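The values are calculated or read from the model by the stated rules, or taken from the named source; none is laboratory data. All values reported here derive from a predicted model rather than from experimental measurement. Backbone-built Cβ (ideal geometry, glycine too); neighbour counts: all protein chains shown.
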Amino acid sequence: MKALIIILLLVVSTAVKPQDKTFNFNSPQNIRKFADFLFCDKDYLRSAIEYQRIHGTPGDDTLRFKIALCFSRIKNYLDAIDNFSKVNQTSAYYNESTLEILKTNFLMDNYYGVRKYYLNEFVNINTKYRNEGKKLFNFSYLFTEDPLPEMNDFLIPFDENEQGQISSFYNWKKDPPYKSSLLAGIMSAVIPGSGKIYVGEVGDGIVAFLVTGVFAFLAYDNFQANHTTRAWIFTAAAALFYGGNVYGSVAAAQVHNVKIDFEYEENLKRYLEKHNYYTPNYGFCDEE
Amino acid sequence: MKSSLIILFFLLFIDAFGQNSFDEQFRLAEELYQQENFFDAITEAKRLLFFDESGNYNYDAYNLIAQSYKQGAKFSDAIRYFTLAEINARNKDELCKARTDIIRVNILRRTTNRALKLLDSLQADKRFADKKDEITYWRGWAYIFADEWEKASLEFAKVDSAKELAVLTKQVDEELYSVTMAKTLSYIIPGAGQFYTGEYLSGLLSLGWNVLWGYITIKAIVDERIFDAVMVSNFLWLRFYRGNLQNAENFAKEKNLVISNKALHYLQNEFSGLKP
């Protein structure tokens, strides 16, 4: 009987309690594990909140860095910079933090901030990623209207296999294939449609030339034939097409230039993203 | 000795089945959900799932996360977690509920084709033969969000408990303007489509412009200036005629949008039945 009871007790206590019933979800260790999981699951906001709950744990110098990374990845750049700049000098991620500050300024399109931080702080404190920092510093000139450094100086930090692409970015920036909106307008004022052809819209240019010409001829012809009502209608139509064509040529040149700028910036950003803004892979998650 | 053993066994039994930390964690997530603190509800449910090795909470926690995402209009995330709930369903009812929830989110985010496809597959599954009315009900809602009020009305008419919706959707369908009718009227008499949609001034203007350019074209033909007639008709009359057709179509669509939105507003705020 006794043995039976003991067996019963044993069975109940093992079968009904498969998990520790007093599990502490909020111990610093478990918060850390959960935050790491969220980080790798790309749930960065929750991950940052969890890391912040245990920030200050002695002996752990990666928390501040990971918090900053989380903010950077959810595009909360100001908090990211704030946290990167608070990473302790003794931390294993100190050099990485300064490089990440440069990257974050880039992501914020704050190119003057990139240069200011690089010249005033980065070159003095970063011992590990000087070349990467210099690359970002040089890249910042490709995004602004400031005078470019000499080509040879500009290419120094880049590897040989990168220099071809960087040179083409540099040349493009130095001499962008813009079209003059003033010239386009004047051309269309002299010969309707020619401004459009100059901008590259050949089909539109030919149509504008023909339509304006035909309406002008019809206006003249109707005045000659004393059909004044129709003559004025055709005059108005010709004037409308003529004015529209001059305005359209100026606008087309402006649109062309904006498009050129947009594509150039997109290519630059895509290139930087491909190279992860020259920041290393930290290996916090398997798939990173 | 015997009685003390019984007491010990009883205490142990109660203790063993008592609330453990995992139950409490799930209850915390549920409470946060009830308080409409969906962000924290998701965090706590995810925490539970991360540490729970038994898998006992999988369905409920995934479902709670999905519902929270849905409440926050994060529909793609909601579908992801409803799918996980579906995978972890413990019985036919839970499976059906998870699938229905996925359909409801698809209805809400207006991926109607996907919703209808999922409804078809649910209907084809013999395990859910008793859910026929429910499936028809959600099909009706899918049509509402696809702006197909007539089809919605036909679906709701098949369900006894959805008579109110059948009447409402039928009423909306009858109120809607026919876009084809508006365009056809304007084809025949410029401006007539605008009149049909109640836009009288626009209709008169349209008619006036078309009469003017028509007159000038005909006058040119009478004067035997055919090229003039071609240019006026092509560049002026035809433009105004086409504009008149487009105008009539746009008015009909805009008016229909107002009617649909009014009905959806009513359904959202006044209708007390089950909604997506």
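Within the option set B:ASN250, B:ASN269, being more than 14 Å from chain A (Cβ to nearest Cβ) and over 30 Å from B:LYS97 (Cβ atoms) holds for one residue only, B:ASN250. Going by the conditions given, is B:GLU36 more than 9 Å from chain A (Cβ to nearest Cβ), part of a loop (DSSP other than H, G, I, E, B), at pLDDT 95 or above and surrounded by fewer than 17 Cβ atoms within 10 Å (Cβ to Cβ)? For B:GLU36, the condition - more than 9 Å from chain A (Cβ to nearest Cβ), part of a loop (DSSP other than H, G, I, E, B), at pLDDT 95 or above and surrounded by fewer than 17 Cβ atoms within 10 Å (Cβ to Cβ) - is met.
Conditions tested, residue by residue: (1) under 30 Å from A:PRO157 (Cβ atoms); (2) at pLDDT 95 or above.
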residue: A:ILE191; (1), (2): no, yes
residue: A:PHE215; (1), (2): no, no
residue: A:LEU218; (1), (2): no, no
residue: A:ASN222; (1), (2): no, no
residue: A:GLY243; (1), (2): no, yes
residue: A:GLY248; (1), (2): no, yes
residue: A:ALA252; (1), (2): no, yes
residue: A:PHE284; (1), (2): yes, no
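The residues of the range A:157-181 that are free of Cβ contacts under 8 Å to residues at least 60 places away in the same chain and exposed (fewer than 14 other Cβ atoms within 10 Å of the Cβ), listed by number, are A:ASP159, A:GLU160, A:ASN161, A:GLY164, A:SER168, A:ASN171, A:LYS174, A:ASP175. The number of residues in the range B:161-180 being touching a residue at least 12 places away in the same chain (Cβ under 8 Å) and charged (D, E, K, R) comes to 4. Looking across the range B:219-230 at every residue that is in contact with a helix residue (DSSP H, G or I) (Cβ under 8 Å, 6 or more places away or on another chain) and more than 9 Å from chain A (Cβ to nearest Cβ), the one that is surrounded by the most Cβ atoms within 10 Å (Cβ to Cβ) is identified as B:ALA229. Every test in (1) surrounded by fewer than 20 Cβ atoms within 10 Å (Cβ to Cβ); (2) without any contact (Cβ under 8 Å) to a residue 24 or more places away in the chain is passed by B:GLU86 save one, and that test is (1).
Got at least one residue in the range A:109-118 being of a type in the set (S, T, N, Q) and assigned to a helix (DSSP H, G or I)? No, the conditions are met nowhere in the range A:109-118. Considered as a group, the residues in the range A:156-166 that are assigned to a helix (DSSP H, G or I) and closer than 17 Å to A:GLU132 by Cβ include one that is farthest from the chain's Cα centre (by Cα), and that residue is A:GLU160.
Taken over the range B:198-218, the criterion of being of a type in the set (A, V, I, L, M) and either away from chain A (no Cβ under 11 Å) or in contact with a strand residue (DSSP E or B) (Cβ under 7 Å, 6 or more places away or on another chain) (or both) is satisfied by B:LEU201, B:LEU204, B:LEU205, B:LEU207, B:VAL211, B:ILE218. Scanning the range B:147-178 for residues that are in contact with a helix residue (DSSP H, G or I) (Cβ under 7 Å, 6 or more places away or on another chain), part of a helix (DSSP H, G or I) and charged (D, E, K, R) yields B:GLU150, B:LYS151, B:GLU155, B:LYS170, B:ASP173, B:GLU175. When the criteria are applied in full, B:ARG80 meets the requirement of being under 20 Å from the mean Cα position of the chain (by Cα), more than 9 Å from chain A (Cβ to nearest Cβ), within 25 Å of A:LYS33 (Cα to Cα) and modelled with pLDDT of 95 or more.
Residues in the range B:83-94 that are part of a helix (DSSP H, G or I) and more than 18 Å from B:TYR137 (Cβ to Cβ): B:THR83, B:LEU84, B:ALA85, B:GLU86, B:ILE87, B:LYS92, B:GLU94.
Being within 14 Å of chain B (Cβ to nearest Cβ) and of a type outside the set (A, V, I, L, M, F, W, C) is a condition met by at least one residue of the range A:243-262. Considering (1) within 11 Å of chain A (Cβ to nearest Cβ); (2) closer than 17 Å to B:ARG80 by Cα; (3) touching an Asp or Glu at 6+ places or on another chain (Cβ under 9 Å); (4) not β-branched (Val, Ile, Thr), the lone condition that B:LEU49 does not fulfil carries the number (3). If you go through the range A:201-231 and keep only what is of a type outside the set (A, V, I, L, M), out of contact with any helix residue (DSSP H, G or I) (no Cβ under 7 Å at 6 or more places or on another chain) and in contact (Cβ under 8 Å) with a residue 12 or more places away in the chain, you end up with A:PHE209, A:GLY213. In this structure, B:VAL105 does not qualify as outside the structural domain of B:ASP93 (by TED's automatic domain parsing) and within 22 Å of the chain's Cα centre (by Cα). Take the conditions surrounded by fewer than 18 Cβ atoms within 10 Å (Cβ to Cβ), in a loop (DSSP other than H, G, I, E, B) and of a type outside the set (A, V, I, L, M, F, W, C) and apply them to A:ASN30. Does it pass? No: the conditions fail for A:ASN30. The condition (being polar (S, T, N, Q) and closer than 20 Å to A:GLY113 by Cβ) is satisfied by just one residue among A:THR144, A:THR127: A:THR144. Close Cβ contacts (under 7 Å, 6 or more residues apart or on different chains) running from residues in the range B:42-54 that are closer than 12 Å to B:ALA29 by Cβ to residues that are assigned to a loop (DSSP other than H, G, I, E, B) comprise B:ARG47/A:PHE25; B:LEU48/B:TYR57; B:LEU49/B:TYR57.
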